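The values are calculated or read from the model by the stated rules, or taken from the named source; none is laboratory data. Since the model is a prediction, treat every value here as computed from it, not as a measurement. All Cβ positions, even for glycine, are placed from backbone atoms using ideal geometry, and neighbour counts span all protein chains on display.
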Amino acid sequence: MIAVWIFYGGALTMRKEKFTVQSLVKGNRRRTGLVAAVVLAGGLLTATPATAATAATEGVTAAAQTSAAARPSNGRILYDRYSGGRGRLTIKNGTSRDSVITLVKGKTKAISIYVRARSTASIKDVRDGTYRVYFTSGYRFDNARKRFTRSATYQRFDDRLRFVTTSTSYRIYTLSLQPVVGGNARSSAVNPKDFP
């Protein structure tokens, strides 16, 4: 089905026609003539100067496309200051919102990872140490500000994670961002200004 714009006495209307390549090649004059008329009308439409409303709509569309294209991939490391260890952190995001999980060692931001909605991602090289785990969830992630621009929430797990490596073992933690029956991790809300 192809949407076709046609001029009728100065008014623009839309009509849907079903075309197949075969019918056009066989020379169906009526449909071929209609396609030629549409192409001509389309050329006339695009030749007219854009109005302010059209320019504004195009700007909004371009911004939306840029925002959608800028959404980080699942598991993308957004910040990495302390990696290179053997510890592993797996994050299961069973929510409908994308999330960013940030590990903080002492008062220093160590590493941040982007986890898309209903996805799982891992940090595979966490250095030994004790970390606080912060996470933010929301929609429309702004890469420049490293923040969600819609419906953002900011939280911190109450318990810290302690990564320890020996000659024969290392720690693996799994965090679920959605409530889990029998889960043992509690979280608290964080002021957005205090989020690392």
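It is to be established whether one or more residues within region 60-73 are among the basic types (K, R) and modelled with pLDDT of 95 or more. Within region 60-73, none of the residues are among the basic types (K, R) and modelled with pLDDT of 95 or more.
If you go through region 165-180 and pick out every residue that is within 18 Å of R118 (Cβ to Cβ) and either of a type in the set (F, W, Y) or more than 23 Å from the chain's Cα centre (by Cα) (or both), you end up with 1.
Taking residues in region 157-177 that are not assigned by TED's automatic domain parsing to the domain that holds R118, and partners anywhere that are surrounded by 13 or more Cβ atoms within 10 Å (Cβ to Cβ), not one pair has Cβ atoms closer than 8 Å while being at least 6 places apart or on different chains. Can you say whether S119 is within 23 Å of the chain's Cα centre (by Cα) and within 17 Å of T90 (Cβ to Cβ), as far as the supplied structure shows? Against the criterion (within 23 Å of the chain's Cα centre (by Cα) and within 17 Å of T90 (Cβ to Cβ)), S119 qualifies. Within region 151-196, if we keep just the residues that are at pLDDT 90 or above and of a type in the set (A, V, I, L, M), the residue that is nearest to F141 (Cα to Cα) turns out to be A152.
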